[in-house]
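Following: one structure in structure tokens, then a few remarks.
The values are calculated or read from the model by the stated rules, or taken from the named source; none is laboratory data. The structure presented is a predicted model; accordingly, all values stated were derived computationally and were not measured. Neighbour counts are summed over all protein chains in view; Cβ atoms, including those assigned to glycine, are modelled from backbone coordinates with ideal geometry. These area figures cover heavy atoms from the full protein model, side chains too; ligands, DNA and RNA do not enter into them. Shrake-Rupley method; radii C 1.70, N 1.55, O 1.52, S 1.80 Å.
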Amino acid sequence: MKQETEQVGSDSNILDEATLLNKQVPIWPDALYDDISGMLASSQVKVVVLDDDPTGTQTVHGVTVLTTWDVDAIAQEFSTLDNAFYILTNTRSMPTAQAEALNQEIAQNISVAASRIQQKYTIVSRGDSTLRGHYPEEVTTLIEGLGGNFDGTLLIPYFHEGGRLTVNDIHYVKQDGKLIPVAQTEFARDAVFGFSQSNMKKWVEEKTNGIVKAESVVTLSLELIRTGGPEAVAEKLEQLTNNCTCVVNAAHQRDVEVVALGALFAEKKGKRLFYRSSSSFVQARAGISSRPLLTANDLQSDGAGGTLVIVGSYVPKTTSQLNELLNQCDIQPVVLEVEKLLDAKSAGDMISQAALSIDEQIRQGKDAVLYTSRKLVTSKDDENNLAIGQKVSQSLISTLHAMKSIPRYIIAKGGITSSDVATIGLNIQRAHVKGQVSPGVPVWQCGPESRFPGLNYVVFPGNVGQPETLAQVVTMLSEG
């Protein structure tokens with residue numbers, strides 16, 4: 001379906017953050033985490049988060065991440081006392097058909113595991129907060145796999161740590177105090193998941209190829225959320241039928257807390273809701289209050305090796321952070337040239353040499369950064385672009401596999417990169433989320449089955465932080 005495209009590069013819709021937010025009504029005055037936790041405890045409904053890359057754990061702590069999804073593993077997590085757990089699907093790195101098949105399998109396994117022990121649950125499909133991912137395909141497939149009969153799907157892209165907010169149905173990305181409509185950012189020009197609309201109702205119509213019309217999309221406005229509170233949200237959600245799509249406006253964490261509690265009220269009255277959200281809503285819906293950032297003392301390691309940083313993300317923020325890391329820290333750079341990686345004749349030797357160079361540094365207790373060359377190599381075909389990305393990620397993992405030394409810490413930069421490092425490079429099947437080392441940057445503790453049991457693994461999203469944040473994290477770990 002042809003859509004009217006926003007003018008990329010125009011500043012006509014770029015707004016000053018303070019000016020826009022000061023025009024909004026004040027946030028709901030009451031803290032709600034105790035109410036949410038109480039309702040979760042009384043309802044005994046487990047929150048299952050299906051995460052399309054590992055960065056979705058960037059707002060939570062004290063929860064489990066599974067990288068396997070057999071019935072027994074899911075049933076075991078259902079039997080714990082935790083309010084929520086994650087299943088890492090990594091579907092953002094897959095072609096659509098493969099992502100759909102995987103979601104179908106996981107949905108069926110969740111249903112079987114829940115039936116086995118009579119466990120009630122709700123599903124959150126955690127997608128990248130800059131609206132990149134398999135939408136609506138993942139949502140449609142999961143709903144079908146879970147038996148259908150949902151009353152509504154809530155779209156909640158708000159993500160505080162990433163500077164993403166939705167006001168008057170427009171999704172913005174915060175940059176230097178300015179709010180940029182998301183369709184005017186580099187995220188909208190993603191080679192696989194690009195889009196042309198910042199208005200979320202129009203975005204839904206665009207992504208569904210006109211199957212869901214913008215005018216049929218319901219919205220929860222900031223005014224309703226902030227003046228009516230959870231009860232008003234519940235009343236609005238109780239009106240949803242036939243899996244109606246509902247866009248949620250949010251510009252503060254309290255907004256998504258109100259929505260989470262209102263959704264619990266609506267579910268208690270029998271409404272069946274599905275959630276497609278970023279990380280901030282997951283924290284609220286699972287009743288996980290914030291904790292202080294992790295310190296060097298929280299992450300002390302017995303290892304004597306240096307820190308290994310692995311960078312695969314190509315977003316501009318990652319490149320600026322990589323440059324600052326190289327400028328500010330005493331760290332050995334090890335580069336994989338992407339064009340050579342795509343040539344089978346040269347890839348093997350380059351990977352072997354990279355592993356040897358890293359081993360030398362790590363054994364001496366020094367830090368190293370393994371990164372791909374910054375020139376983005378693309379194709380005109382979406383599946384070929386995914387294939388290039390997979391080849392590059394596989395090369396990073398092959399380098400990790402070829403290493404003989406044991407790093408003290410590992411930091412992986414980028415969603416797909418961090419997923420492949422976790423599941424293929426480190427063989428993690430079950431990890432514990434300890435918290436965040438910087439806003440939006442989670443730390444996992446590797447399970448006993450992993451290649452490096454107990455290792456603190458830093459999952460660093462590609463589009464989070466300031467230019468100096470990666471260097472600051474590496475420095476803090478080196479001093480710990």
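Listed here are the residues, each with its yes/no results for (1) touching a residue at least 60 places away in the same chain (Cβ under 8 Å); (2) open to solvent by less than 10 Å² (accessible area, probe 1.4 Å); (3) part of a loop (DSSP other than H, G, I, E, B); (4) under 30 Å from residue 385 (Cβ atoms).
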{"residue": "132", "(1), (2), (3), (4)": "yes, no, yes, yes"}
{"residue": "142", "(1), (2), (3), (4)": "yes, yes, no, yes"}
{"residue": "153", "(1), (2), (3), (4)": "yes, yes, no, yes"}
{"residue": "172", "(1), (2), (3), (4)": "yes, no, no, yes"}
{"residue": "215", "(1), (2), (3), (4)": "no, no, no, no"}
{"residue": "231", "(1), (2), (3), (4)": "no, no, no, no"}
{"residue": "239", "(1), (2), (3), (4)": "no, no, yes, no"}
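Filtering the stretch 252-304 to residues that are under 25 Å from residue 87 (Cα atoms), touching an Asp or Glu at 6+ places or on another chain (Cβ under 7 Å) and open to solvent by 60 Å² or more (accessible area, probe 1.4 Å) leaves only 272.
Looking only at residues in the stretch 155-170 that are open to solvent by less than 10 Å² (accessible area, probe 1.4 Å) and touching a helix residue (DSSP H, G or I) at 6+ places or on another chain (Cβ under 7 Å), the one that is nearest to residue 274 (Cα to Cα) is 155. Considering the stretch 19-54, and only residues there that are of a type in the set (D, E, K, R) and open to solvent by less than 70 Å² (accessible area, probe 1.4 Å), the residue that is farthest from residue 168 (Cα to Cα) turns out to be 46. With respect to being open to solvent by less than 20 Å² (accessible area, probe 1.4 Å) and in a helix (DSSP H, G or I), residue 196 falls outside the description. Pairs linking a residue in the stretch 337-359 that is of a type in the set (A, V, I, L, M, F, W, C) to a residue that is open to solvent by 90 Å² or more (accessible area, probe 1.4 Å), with Cβ atoms under 6 Å and 6 or more positions apart or on different chains, are 350/340. For residue 259, the requirement of being touching a Leu at 6+ places or on another chain (Cβ under 9 Å) and modelled with pLDDT of 95 or more is met. Among the residues of the stretch 49-62, just one is within 13 Å of residue 459 (Cβ to Cβ) and part of a strand (DSSP E or B), namely 51.
Quick check on my filter: what residues within the stretch 174-184 are without any contact (Cβ under 8 Å) to a residue 60 or more places away in the chain and either surrounded by fewer than 18 Cβ atoms within 10 Å (Cβ to Cβ) or farther than 23 Å from residue 18 by Cα (or both)? Walk me through it before giving the result.
Just the residues of the stretch 174-184 that are without any contact (Cβ under 8 Å) to a residue 60 or more places away in the chain, to begin with: 175-176, 182.
Within the stretch 174-184, 175, 176 meet the criteria.
Taking every residue in the stretch 381-404 that is under 18 Å from residue 346 (Cα atoms) and pairing it with any residue that is of a type in the set (Asp, Glu) and in a helix (DSSP H, G or I), at least 6 positions away or on another chain, the pairs with Cβ-Cβ distances below 7 Å are 393/420; 397/420. It is to be established whether one or more residues within the stretch 7-14 are modelled with pLDDT of 95 or more and either touching a helix residue (DSSP H, G or I) at 6+ places or on another chain (Cβ under 6 Å) or under 22 Å from residue 128 (Cβ atoms) (or both). Scanning the stretch 7-14 turns up no residue that is modelled with pLDDT of 95 or more and either touching a helix residue (DSSP H, G or I) at 6+ places or on another chain (Cβ under 6 Å) or under 22 Å from residue 128 (Cβ atoms) (or both).
In the condition set (1) farther than 22 Å from residue 271 by Cβ; (2) open to solvent by less than 20 Å² (accessible area, probe 1.4 Å), residue 80 is compliant with all but (2).
Output yes when any residue across the stretch 305-324 is surrounded by 15 or more Cβ atoms within 10 Å (Cβ to Cβ), of a type outside the set (A, V, I, L, M), out of contact with any strand residue (DSSP E or B) (no Cβ under 7 Å at 6 or more places or on another chain) and not in a helix (DSSP H, G or I), and no when none is.
Going residue by residue through the stretch 305-324, those that are surrounded by 15 or more Cβ atoms within 10 Å (Cβ to Cβ) are 305-315, 317-322, 324.
If we keep only those that are of a type outside the set (A, V, I, L, M) as well, we get 305-307, 312-314, 317-321, 324.
From the residues that got through so far, the ones that are out of contact with any strand residue (DSSP E or B) (no Cβ under 7 Å at 6 or more places or on another chain) too are 305, 314, 317, 319-321, 324.
So of that shortlist, the ones also not in a helix (DSSP H, G or I) come out as 305, 314.
Yes, the stretch 305-324 contains a residue that is surrounded by 15 or more Cβ atoms within 10 Å (Cβ to Cβ), of a type outside the set (A, V, I, L, M), out of contact with any strand residue (DSSP E or B) (no Cβ under 7 Å at 6 or more places or on another chain) and not in a helix (DSSP H, G or I).
Got a sec? Which of 459, 392, 437, 474 is within 15 Å of residue 53 (Cα to Cα) and of a type in the set (A, V, I, L, M, F, W, C)?
Details: 392 fails: within 15 Å of residue 53 (Cα to Cα); 437 fails: within 15 Å of residue 53 (Cα to Cα); 474 fails: within 15 Å of residue 53 (Cα to Cα).
It is 459.
Is it true that some residue in the stretch 346-362 is surrounded by fewer than 18 Cβ atoms within 10 Å (Cβ to Cβ) and not in a helix (DSSP H, G or I)? Looking for residues that are surrounded by fewer than 18 Cβ atoms within 10 Å (Cβ to Cβ) and not in a helix (DSSP H, G or I), one finds none in the stretch 346-362, hence no.
Looking across the stretch 456-480 at every residue that is in a strand (DSSP E or B) and of a type outside the set (Phe, Trp, Tyr), the one that is nearest to residue 67 (Cα to Cα) is identified as 459. Residues that are open to solvent by 10 Å² or more (accessible area, probe 1.4 Å), within 14 Å of residue 298 (Cβ to Cβ) and among the β-branched types (Val, Ile, Thr) within the stretch 419-472 comprise just one, 437.
Can you name the residue in the stretch 199-213 that is assigned to a loop (DSSP other than H, G, I, E, B) and open to solvent by 20 Å² or more (accessible area, probe 1.4 Å) and, of all such residues, is farthest from residue 135 (Cα to Cα)?
First, pick out the residues of the stretch 199-213 that are assigned to a loop (DSSP other than H, G, I, E, B): 208-213.
Filter again for open to solvent by 20 Å² or more (accessible area, probe 1.4 Å), leaving 209, 211-213.
Working: 209: 11, 211: 13, 212: 12, 213: 15 Å.
So, considering only residues that are assigned to a loop (DSSP other than H, G, I, E, B) and open to solvent by 20 Å² or more (accessible area, probe 1.4 Å), the one farthest from residue 135 (Cα to Cα) is 213.
Screening the stretch 83-121 for residues that are of a type in the set (Ser, Thr, Tyr) and crowded, with 21+ Cβ neighbours inside 10 Å and picking the one that is farthest from residue 432 (Cα to Cα) gives 91.
Taking the stretch 218-229 on its own, how many of its residues are surrounded by fewer than 21 Cβ atoms within 10 Å (Cβ to Cβ) and either closer than 18 Å to residue 282 by Cβ or of a type in the set (Val, Ile, Thr) (or both)? Explain how you work it out, then say what you get.
In the first step, residues of the stretch 218-229 are kept if they are surrounded by fewer than 21 Cβ atoms within 10 Å (Cβ to Cβ); the result is 218-219, 221, 223-224, 227-229.
Adding the requirement that they be either closer than 18 Å to residue 282 by Cβ or of a type in the set (Val, Ile, Thr) (or both) leaves 218-219, 227.
Residues meeting the conditions: 3.
When 99, 31 are checked against the criterion of being over 22 Å from residue 271 (Cβ atoms), touching a helix residue (DSSP H, G or I) at 6+ places or on another chain (Cβ under 6 Å) and among the aliphatic types (A, V, I, L, M), 99 stands alone in meeting it. Listed by position, the strands (runs of 3 or more DSSP E) inside the stretch 374-455 whose residues that are on the phi > 0 side of the Ramachandran plot number at least 3 form an empty set.
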